[in-house]
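Reading through the structure tokens given below for one structure.
The values are calculated or read from the model by the stated rules, or taken from the named source; none is laboratory data. Model, not experiment: these values are computed from the prediction. Here the Cβ is made from the backbone with ideal geometry for all residues, glycine too, and neighbour counts use every protein chain on show. Accessible surface is based on the protein model in full, side chains and every heavy atom, while ligands, DNA and RNA are left aside. Shrake-Rupley method; radii C 1.70, N 1.55, O 1.52, S 1.80 Å.
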Amino acid sequence: MKVLVDTSVWSVALRATKKRLNPEQMRFKEVLTELILEGRVEIIGAIRQEMLSGIREQSEFLGLREELRLFDDAEMTREDYEQAARMFNDCRMAGITGSPVDLLICAVALNRKWQILTADKDFQHFASHVHVSLFQIMN
């Protein structure tokens, strides 16, 4: 099964150095590496944009851009955006707040029957309400 990797995991894996990672972050980095080797990793343009935004050093931006270019963006459809808006509205009515990008990630994963790999605890709230599947990391 394909796995849509959230910005929170990409950030840990590609921006952080080994010396600064706590055990949980190291595990996310290891799992991402395994998924890459298995050919199961997916990314969308919004995640790519989040990863590249806010980088001040041009050389760091270019390096990260090249690493991310190893992965093609999943094609987005009108249904993905409509589903994301519906999920956003449903979550909001249930008192669950999330960003439009987070709900777009949920919509893309749900529409394609992919799992989501994330370190962002907000996705646990989304998953309980919009029934997306989160990738479970085994210790």
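Among the residues of segment 77-86, those identified as open to solvent by less than 70 Å² (accessible area, probe 1.4 Å) and either assigned to a helix (DSSP H, G or I) or in contact with a helix residue (DSSP H, G or I) (Cβ under 7 Å, 6 or more places away or on another chain) (or both) are Asp80, Gln83, Ala84, Ala85. From Thr77, Thr97, which residue is of a type in the set (Ser, Thr, Tyr) and modelled with pLDDT under 95? Result: Thr97 is the single residue among Thr77, Thr97 that is of a type in the set (Ser, Thr, Tyr) and modelled with pLDDT under 95. Screening the candidates Glu24, Glu60, Glu34 for the property of being within 17 Å of Gln115 (Cα to Cα) and assigned to a helix (DSSP H, G or I) yields one hit, Glu34.
Would you mind stating whether Leu37 is under 19 Å from Ile137 (Cβ atoms), hydrophobic (A, V, I, L, M, F, W, C), open to solvent by 60 Å² or more (accessible area, probe 1.4 Å) and out of contact with any Phe, Trp or Tyr (no Cβ under 7 Å at 6 or more places or on another chain)?
Yes.
Restricting attention to segment 87-103 and to residues that are over 12 Å from Phe123 (Cα atoms) and under 17 Å from the mean Cα position of the chain (by Cα), the residue that is surrounded by the most Cβ atoms within 10 Å (Cβ to Cβ) turns out to be Met87.
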